[in-house]
Each structure stands twice: as C-alpha cells, then as structure tokens.
Amino acid sequence: MAEESLSNLLHEDRNFPPSEEFVAQANGTQALYDAAAADREGFGLTRVASSSVGTRTSLRRLTGAKSPSPSGSWAASSTRA
C-alpha cells in the first residue's frame with residue numbers, strides 16, 4: 001500500500017508558470033531560449049566567448065583545440081571517456 005502511494009508522487013504533471021511581473025524583469029527572453037534550442041552547442045560557445053569568463057583557455061577546452069603548453073592538449077590529461 002505504501003509503495004502505491006509513493007509511486008503516485010513520481011508522476012507530476014502540474015505546471016507553475018511565472019507571474020507576469022517576474023517575466024517582465026527577467027534577464028532572459030523567449031528569443032534567448034529559442035536561440036539555445038535551435039543550436040545548443042553554438043549557443044553555448046557564443047555565450048562563453050562573449051562572457052567575462054570566456055577566456056581563450058575556456059574556448060580551447062570547449063572546442064578541443066590544442067593547448068599552447070608543451071604538455072599537449074587539455075584532453076590528453078582528461079579522464080573522460
């Protein structure tokens with residue numbers, strides 16, 4: 001009985017849209033979300049390149065470009081598969 005009651009909690013279909021006041025003061029607009037949905041990778045690269053933390057090193061890591069250091073690219077020392 002308890003498992004049936006708890007399994008009902010796993011299926012949540014309610015939607016809680018933000019208020020108009022909240023939407024009006026938001027930094028991101030629907031156009032921003034649409035651009036991200038159209039090209040996720042390109043959108044991310046563009047945002048990193050234009051941000052204050054978008055250094056050349058960050059872009060090299062995102063694009064897989066070789067590092068200028070003699071030790072090779074950052075991916076060579078990476079543990080990701």
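No value in this document is a laboratory result; all are computed from the given coordinates. Not measured: the values here are computed from a predicted model. Backbone-built Cβ (ideal geometry, glycine too); neighbour counts: all protein chains shown.
Packing around the peptides 7-15, 31-39, 43-51, 19-27, taken as the average count of other Cβ atoms within 10 Å per residue, puts them in this order, highest first: 43-51, 31-39, 19-27, 7-15. Between ALA24 and LEU10, what length in nm is gained on full extension when 0.36 nm per residue of separation is reduced by their alpha carbon distance? Taking ALA24 through LEU10 to full extension adds about 1.8 nm, to one decimal.
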